[in-house]
Amino acid sequence: MRRFELALPRSIDDCLKILSERGSDAKVVAGGTDLLPQLKNGLLKPPWVIDLSGVAALRTLHNGNGHGLRIGPAVTARALELDADVRHHYPALAESAALVGSVQIRTLATVGGNLCNASPSADMAPPLLALDAEAVIVGPRGQRRVPLASFFVGVRETVLADDELLLEIAVPSPGPRSGGNYLRHTPRRELDIAVVGVASQLTLADGVCAQARIALAAVAPTPVRATAAEDALTGHAVTPAAIERAADLAVEAARPISDHRGSADFRRHLVRVLARRTLTTALARARNGRGED
Ligand SMILES: Cc1cc2nc3c(=O)[nH]c(=O)nc-3n(C[C@H](O)[C@H](O)[C@H](O)COP(=O)(O)OP(=O)(O)OC[C@H]3O[C@@H](n4cnc5c(N)ncnc54)[C@H](O)[C@@H]3O)c2cc1C
């Protein structure tokens, strides 16, 4: 690994100061589970690395009792997996966090790192997309909020400028009659990345679907929403036939590649199967009132 200078800021302001001084010469590191391998294999050679682990403000998790969730980017997958409120009110997010790597990886891996690394297969991205989360970004020009649906630009590319930091992930309350689920397919049970991942989030009102969200991982350069499938469910009773139709439509949002992990056709098949399963579980959870009051 090429030598680099390590900065250890204690506050967000210190962090921003170093970022604005160093610009593209600096990379921030949270858990390091994506960045360290990239440094070791020479993919990245930043002269400066800014370690976020001393910035306590980035590790906070606020459940707003009906006003949604505010997640610091340095909150770990393990913390999300174990948090009782997240498990109860945002089960798809807890499920995705629980699938990241092994328990050793999850104690280091952060939600901010998962999003900012912008891998198409990032597990925590689909549930957060399905929950209509926003990225709160801070930089020398102040703060801005970007819907997560617009945060990803391409493979390993986000809207973050070199001198900006992901400050928070803001998740609106899904409402009391809402439920979600995340599933992925991997050839191995652990320490493998998704061949396909699907998150579904359904909100019910007056016996019909008030809002549907379906988000897919590993079938396009960025995580994507399956909007045609969402539209087909909205305003209608969520019957098994409606779920089948939505699962078929979800495939339209996928632009998969064929590689050694699976052919494009296999990935399309997985989207259909996982969309059907996640919608079925999301519906059961919505009927049981798993959303936030
Ligand atoms: C063995 C192994 C198994 C894995 N399994 C999975 C898996 O099953 N599913 C999965 O999704 N991922 C998996 N990963 C990838 C990785 O663990 C996750 O993506 C993790 O969430 C990354 O978080 P991190 O804190 O380690 O990120 P880091 O490596 O610290 O950072 C990743 C990127 O994000 C940037 N970054 C981090 N925080 C911020 C911030 N606040 N603002 C701006 N930029 C920031 C960094 O500069 C870097 O470019 C695995 C990795 C390993 C090594």
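Each reported figure results from applying straightforward, stated rules to the coordinates on display, with no laboratory input. Quantities reported herein were computed from a predicted structural model and do not represent experimental measurements. Glycine gets a Cβ as well: all are built from the backbone with ideal geometry, and neighbour counts include every protein chain shown.
Would you mind getting me the FRET efficiency between D162 and D248? Use the beta-carbon distance for r and R0 = 41 Å, nearest 0.05. Intermediate values should be presented prior to the final figure.
Numbers: r = 42 Å, r/R0 = 1.02.
Between D162 and D248 the formula returns 0.45.
Run through region 132-224 and list the GluC sites (Glu not before Pro) located in a DSSP loop whose Cβ has at most 15 other Cβ atoms within 10 Å.
E190
Could you give the C-alpha radius of gyration of the chain expressed as a fraction of 2.2 N^0.38 Å, taking N as the number of residues it contains?
Values: Rg = 18.8 Å, N = 293, 2.2 N^0.38 = 19.0 Å.
Working it through for the chain, the quotient is 0.99.
V153 to A205: extension gain in nm, 0.36 nm per residue of separation minus the Cα-Cα distance? Kindly include the intermediate steps, with their values, before the conclusion.
Values: separation 52, 0.36 × 52 = 18.72 nm, distance 3.39 nm.
Stretched out fully, the V153 to A205 stretch lengthens by 15.3 nm.
In nm², what is the average projected area of the convex hull enclosing the Cα atoms of region 59-120? Before the final figure, lay out the partial values.
Numbers: hull surface 16.3 nm².
Average of the hull's projected areas for region 59-120 equals 4.1 nm².
Quick check: residue separation of A228 and D192 times 0.36 nm, minus the Cα distance between them. What number comes out in nm?
Working: separation 36, 0.36 × 36 = 12.96 nm, distance 2.96 nm.
So the chain would gain 10.0 nm between A228 and D192.
Rounded, prolate or oblate: pick one for region 5-171, where a ≥ b ≥ c are the square roots of the eigenvalues of its C-alpha gyration tensor, a/c under 1.5 means rounded, and failing that, prolate if a/b is larger than b/c, else oblate.
Numbers: a/c = 1.60, a/b = 1.38, b/c = 1.16.
Because a/c hits 1.5 or more and a/b exceeds b/c, region 5-171 counts as prolate.
Skipping prolines and chain starts, which residues have an amide H placed within reach, meaning under 5 Å, of the one on L131, given they are 5 or more residues away or on another chain?
Correct list: empty.
Please state the relative contact order of the chain as a whole percent: Cα pairs under 8 Å, 6+ residues apart?
So the answer I get is 17 percent.
Read phi for every residue in region 16-24 and hand back ³J(HN,Hα) as whole Hz from Karplus 6.51 cos²θ - 1.76 cosθ + 1.60, θ = phi - 60°, with x for Gly and Pro.
5, 4, 5, 4, 6, 6, 9, x, 6
In degrees from 0 to 90, rounded to the nearest 10, what is the angle of the helix 264-287 Cα long axis to the longest principal axis of the chain?
Rounded to the nearest ten degrees, it is 70.
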